[in-house]
C-alpha cells in the first residue's frame with residue numbers, strides 16, 4: 001500500500017512574505033510623502049495667491065478710499081466757482097461775502113460729517129497733546145499761566161486722533177514774549 005503523498009504547502013495569500021511586506025510599506029510611505037508634498041505645495045500656492053489678492057484689494061481700497069468725501073466736496077467747489085464768477089462780475093460785495101461764509105460753513109459741515117473737528121484753543125489750558133506753542137506772551141487780561149490767549153493756526157482731530165495740533169500763543173508771567181518753537 002502506498003501512502004498518499006502529502007501535497008506541497010502553498011503560502012496563503014493573507015500572509016505576505018517579509019520582503020513583500022517591506023516593499024509594500026516603502027511604496028505606501030513614498031505615496032504618503034508625495035501626497036504630503038503636493039498638499040504643501042498647494043498650500044504655498046494658495047498663500048501666495050491670497051497675499052497677492054490682499055495686496056490688490058488694499059491698493060484698490062486706497063485708490064478709492066476718498067471717493068465719498070470727494071463727492072461731497074464737489075458741491076462746495078461748485079459754490080466756489082459761482083462765488084468767483086460773482087467776484088469777476090464785480091457783484092454786490094455783501095452778497096459775495098455771504099456766499100463765502102456759506103461755502104465756509106458747508107466745508108466745516110463736511111469735515112464734521114467725516115469726524116474731523118476743530119481743537120478748542122483761546123481761553124483753554126495749553127495741552128501739549130493738542131496744542132503747539134508758537135510763542136509765550138505776558139498775560140494781558142489777568143489770564144492764568146498756561147492759558148491760550150491767541151490761535152495762530154487751527155488744529156484738528158479726526159475721530160479723537162490729532163491730525164494737526166493747534167498752533168497757539170500761551171500766557172506766561174515768567175517770559176518776555178519768547179518764541180518757544182525754535
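Note on region 67-114: Cα-only Rg and Dmax are 11.8, 35 Å.
Highest-first packing order for the peptide set 67-78, 124-135 is 124-135, 67-78, based on the mean count of other beta carbon atoms within 10 Å. Averaging the Cα positions of each part gives two centres, and for region 47-65 and region 83-111 these lie 41 Å apart. Of the three principal axes defined by the Cα atoms of the chain, the extents in descending order read 143, 53, 24 Å. Report, as a whole number in µm² per second, the diffusion coefficient that Stokes-Einstein gives for region 118-171 at 10 °C and 1.306 mPa s using the Kirkwood radius over alpha carbon pairs. After rounding, the answer is 146 µm²/s. Taking the longest Cα principal axis of the chain as reference, the axis of helix 67-88 is set at about 30 degrees.
Quick one: helix 18-64 against the long Cα principal axis of the chain, what's the angle to the nearest 10°, folded into 0 to 90? Value to nearest ten degrees: 20.
Every read-out reported here was derived from the displayed coordinates using simple, explicitly stated rules and does not represent laboratory data. Keep in mind it's a predicted model, so treat the numbers as computed, not measured. Glycine also receives a Cβ, built like all others from the backbone with ideal geometry; neighbour counts cover every protein chain displayed.
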